[in-house]
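Accompanying notes for the structure given below.
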Amino acid sequence: TKKHRVAIVGSGNWGTTIAKVVAENTREHPDEFEEEVQMWVFEEDVQLSKDSKHYKANSALASKPQKLTHLINELHENVKYLAGISLPTNLIANADLLDTVKGATILVFNLPHQFIGKTCDDIEGHVVPFARGISCIKGVEVTDDGCHLFSDRIGEKLGIYCGALSGANIANEVALEKFSETTIAYAPPAMDHHEPGESSAPSSNSKSGLKAIPAEYPELCHASMKKLFHRPYFHVRVTDDVAGVSLGGALKNIVALAAGFVDGLGWGDNAKAAIMRVGIMEEVKFGKMFFGSSSKPETFTEESCGVADLITSCSGGRNFRCAKMSVAERVDIHEIERRELNGQKLQGTSTAAEVNSFLKANGKEGEFPLFTAVHYILEGKARPEDLPELLEPTVHEK
Ligand code: NAD
Ligand code: 13P
């Protein structure tokens, strides 16, 4: 029998953390997975920081900027996006996107959502036809024809099935192996199509055109997803609700910005709790209104990808922290992002704009007062101080 080969597309703060988790597990389950895991790195030159433990020990590497892939493979640490965390030696950084995905039967997509379109364009036609994907991306894509989940976008573009992983997962905490939970949604359609002359297992799903995983590979089911992602410090619950899992991760970034706004004003915990209450209600409502046939309200209220992610993101996430600094210092949030995040990317600012353009197109701004207020505050058309009034449902309907 053959083994699944896993590739990670993306190597930022969360991308590298998930790569660590996966590489630990492929090493632990060599019967099902090839031990080596390739991770695509958007290449850049990086100067080792004087604060790095490698700075003194590796004078050759420290003397001038080096390729990030070279540093990761030499030091087994992503010194730029996950500094101070040792990575498993079976995790290999690769600057060549097509080479990274070549032969991979499991593709884990983990990069800021603004880069996924171009990345998928580049790998289209180069992935194993029966590969399965997991999107760890928190965001949505809004086009003229609606609001789309990245798991669906990736799947449609590459002609593969793509599930989603999302949870209350501040990357640095997971990387430090502090206990966290996460939610994986994985529900590929049943295979029903037999090629002429084929005797046993079907080779594809006639409706979706998806290819079946050949019989010589281990089957990929909920239990295999758990094997690939579950760690003693990272507990996985698997569900079928891809829309609910994806939406929870995307929408909470808007809520976390609002939590940052009120904290930046010094308004205290009651104010933040009010934002979180309205936030979870709007998440559930958004799911019901626009993904009613595919998402379940319980995913938002009972799983890590819903309420738990909202709580952790409103406590210590980057969107929360940058929004707070932006209001406290009265500095534009994009400037704070550049100043504070060392190349990491906020997802909430663009998600707020995308969700707003979708709500506006559907005449529903007034039914989502928090999502709408965050967008107008970011645009400079409302003030954080106005939030209490803006959260009164009638305001946007006037
Ligand atoms: P990040 O914020 O660390 O972003 C930096 C990454 O973007 C780097 O790998 C950089 O090389 C890459 N990049 C920059 N320009 C690029 C380009 N033009 N093309 C492709 N890549 C480019 O990224 P992250 O934290 O790994 O986030 C990935 C996803 O995971 C996001 O959707 C985020 O919401 C989600 N997420 C993040 C966390 C977290 O705590 N960081 C936790 C859970 C989920
Ligand atoms: P931030 O992108 O705001 O840091 O949120 C991280 C996250 O998604 C925690 O689950």
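The values are calculated or read from the model by the stated rules, or taken from the named source; none is laboratory data. Nothing here was measured: the structure is a model prediction, and the numbers come from that model. Here the Cβ positions follow ideal geometry from the backbone for every residue, glycine too, while neighbour counts run over all protein chains shown. All accessible areas refer to the heavy atoms of the entire protein, side chains included, with ligands and DNA or RNA removed. Shrake-Rupley method; radii C 1.70, N 1.55, O 1.52, S 1.80 Å.
When S295 is tested against the conditions (1) open to solvent by less than 30 Å² (accessible area, probe 1.4 Å); (2) modelled with pLDDT of 95 or more; (3) under 19 Å from the mean Cα position of the chain (by Cα); (4) polar (S, T, N, Q), the lone failure is (2). When only residues in segment 6-20 that are small (G, A, S) and open to solvent by 10 Å² or more (accessible area, probe 1.4 Å) count, which is nearest to ligand 1 (Cβ to nearest atom)? Selected residue: G12.
The set of residues from segment 308-326 being away from ligand 2 (no atom under 12 Å from the Cβ) and either closer than 9 Å to G248 by Cβ or surrounded by fewer than 22 Cβ atoms within 10 Å (Cβ to Cβ) (or both) comprises just one member, M325. Give me a count of the residues in segment 122-138 that are outside any strand (DSSP E or B), away from ligand 1 (no atom under 16 Å from the Cβ) and closer than 23 Å to A185 by Cα. Adding up the residues that qualify gives 5.
If you go through segment 379-394 and keep only what is part of a loop (DSSP other than H, G, I, E, B), at pLDDT 95 or above and either of a type in the set (D, E, K, R) or surrounded by 22 or more Cβ atoms within 10 Å (Cβ to Cβ) (or both), you end up with E379, K381, R383. Whenever a residue of segment 324-350 is part of a helix (DSSP H, G or I), its partners that are among the hydroxyl-bearing types (S, T, Y) and away from ligand 1 (no atom under 14 Å from the Cβ), lying with C-beta atoms within less than 7 angstrom and at least six residues away or across chains, give the pairs I333/S326; I336/S326. Scanning segment 172-207 for residues that are within 16 Å of ligand 1 (Cβ to nearest atom) and either open to solvent by 10 Å² or more (accessible area, probe 1.4 Å) or hydroxyl-bearing (S, T, Y) (or both) yields N172, E173, L176, E177, K178, F179, S180, E181, T182, T183.
Candidates K53, K3: the one that is away from ligand 2 (no atom under 16 Å from the Cβ), open to solvent by 40 Å² or more (accessible area, probe 1.4 Å) and within 25 Å of L98 (Cα to Cα) is K3.
Residue by residue, here is whether (1) surrounded by fewer than 14 Cβ atoms within 10 Å (Cβ to Cβ); (2) within 16 Å of ligand 2 (Cβ to nearest atom); (3) acidic (D, E) holds:
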residue: E329; (1), (2), (3): yes, no, yes
residue: R339; (1), (2), (3): yes, yes, no
residue: N342; (1), (2), (3): yes, yes, no
residue: T349; (1), (2), (3): no, yes, no
residue: N356; (1), (2), (3): no, no, no
residue: K364; (1), (2), (3): no, no, no
residue: I377; (1), (2), (3): no, no, no
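If you filter segment 212-265 down to residues that are more than 26 Å from G287 (Cα to Cα) and aliphatic (A, V, I, L, M), you find that the one that is most open to solvent (accessible area, probe 1.4 Å) is A215. Take the conditions (1) at pLDDT 95 or above; (2) open to solvent by 10 Å² or more (accessible area, probe 1.4 Å); N78 misses just one of them, which is (2). Confirm whether K272 is over 14 Å from L149 (Cα atoms) and surrounded by fewer than 18 Cβ atoms within 10 Å (Cβ to Cβ). No; evaluated as a whole, the condition is false for this residue. Tell me the residue from H235, H148 that is within 16 Å of ligand 1 (Cβ to nearest atom) and free of Cβ contacts under 8 Å to residues at least 24 places away in the same chain, please. Just one listed residue meets the conditions, H148. Considering segment 108-137 alone, what residues qualify as being open to solvent by 30 Å² or more (accessible area, probe 1.4 Å), closer than 20 Å to R5 by Cα and in contact (Cβ under 8 Å) with a residue 60 or more places away in the chain? P129, F130 - these are the residues of segment 108-137 that are open to solvent by 30 Å² or more (accessible area, probe 1.4 Å), closer than 20 Å to R5 by Cα and in contact (Cβ under 8 Å) with a residue 60 or more places away in the chain.
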